Amino acid sequence: MTQITEVAPDLYRISTYIPEIDLQFSQLLVRDDEPLLFHTGLKKLFPLVRDAVASLLDPSRVRWIGFSHLEADECGALQEWQALAPTATAVCSLVGKLVSIDDCVALRPARGMTDGEFLTTGKYRFRFVQTPHVPHCWETGLLFEETNRTLLCSDSSTTTVMLSHRPART
Ligand SMILES: [Fe+2]
Ligand SMILES: [Fe+2]
């Protein structure tokens with residue numbers, strides 16, 4: 001039911017299809033010095049995602065838990081992950097941190113990112129791209145790995161369409 005696909009070197013997509021609602025939920029795992037899990041998946045998927053991560057690295061080593069916006073399929077299992085991984089810190093936009101995540105979601109203070117800021121996990125470095133309201137929610141942002149040009153995004157079909165209409169930066 002849960003599939004693991006290496007989409008870039010040491011960067012894995014973990015996907016679980018839920019037939020009852022005909023939807024697939026995906027998380028991205030970066031295997032690096034400071035492992036990054038981008039999106040936790042729904043709280044009820046936690047055992048499946050944890051076991052998938054455990055097939056690639058010790059899940060208690062997860063250092064960063066990134067997500068684009070506050071929604072259950074993006075960060076519903078954040079507390080479960082932070083209970084399992086003692087140094088796991090949420091990574092989200094500064095707006096998300098200040099408005100929601102530090103207040104009532106995370107077990108410990110999140111790292112709030114601003115547009116263009118970098119998160120380094122070891123051999124990989126991710127640029128935070130603030131994308132308010134894309135695909136939705138004002139606190140939304142994405143992570144972009146520039147070496148292999150891998151975009152860590154959410155609600156992907158919506159995001160792909162909407163980013164193609166984003167005005168070019170000057
Ligand atoms: Fe979502
Ligand atoms: Fe969403």
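The values are calculated or read from the model by the stated rules, or taken from the named source; none is laboratory data. All values derive from a computational prediction rather than experimental measurement. Positions of Cβ are generated from backbone atoms using ideal geometry, with glycine treated the same way; all protein chains shown enter the neighbour counts. Ligands, DNA and RNA are stripped out before the accessible areas are found, and what is left, the full protein with its side chains, is counted by its heavy atoms. Shrake-Rupley method; radii C 1.70, N 1.55, O 1.52, S 1.80 Å.
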Those residues of the stretch 140-151 which are under 14 Å from the mean Cα position of the chain (by Cα) and not hydroxyl-bearing (Ser, Thr, Tyr) amount to Gly141, Leu142, Leu143, Phe144, Glu145, Leu151
Qualifying positions in the stretch 61-101 - among the aromatic types (Phe, Trp, Tyr) and touching a Gly at 6+ places or on another chain (Cβ under 9 Å): Phe67
Could you tell me how many of the residues in the stretch 66-92 are surrounded by fewer than 20 Cβ atoms within 10 Å (Cβ to Cβ) and among the β-branched types (Val, Ile, Thr)? 2
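Would you say Leu70 is more than 16 Å from ligand 1 (Cβ to nearest atom), of a type in the set (A, V, I, L, M) and either under 22 Å from Val134 (Cα atoms) or in a loop (DSSP other than H, G, I, E, B) (or both)?
Details: more than 16 Å from ligand 1 (Cβ to nearest atom): no; of a type in the set (A, V, I, L, M): yes; either under 22 Å from Val134 (Cα atoms) or in a loop (DSSP other than H, G, I, E, B) (or both): yes.
When the stated conditions are applied, Leu70 does not pass them.
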Scanning for something within 15 Å of ligand 1 (Cβ to nearest atom) and open to solvent by 50 Å² or more (accessible area, probe 1.4 Å), does the stretch 26-42 turn up at least one residue? no
Can you tell me how many residues in the stretch 93-119 are free of Cβ contacts under 8 Å to residues at least 24 places away in the same chain, under 24 Å from Leu11 (Cβ atoms) and surrounded by 13 or more Cβ atoms within 10 Å (Cβ to Cβ)? 3
If you go through the stretch 55-65 one residue at a time, do you hit one that is open to solvent by 10 Å² or more (accessible area, probe 1.4 Å), in a strand (DSSP E or B) and not hydroxyl-bearing (Ser, Thr, Tyr)? yes
The one condition Trp138 fails out of (1) assigned to a loop (DSSP other than H, G, I, E, B); (2) touching a residue at least 60 places away in the same chain (Cβ under 8 Å); (3) hydrophobic (A, V, I, L, M, F, W, C) is (2)
The one condition in (1) at pLDDT 95 or above; (2) assigned to a helix (DSSP H, G or I); (3) open to solvent by less than 10 Å² (accessible area, probe 1.4 Å) that Thr159 fails to fulfil: (1)
Of those in the stretch 130-156 that are within 15 Å of ligand 1 (Cβ to nearest atom) and of a type in the set (Asp, Glu), the residue least open to solvent (accessible area, probe 1.4 Å) is Glu139
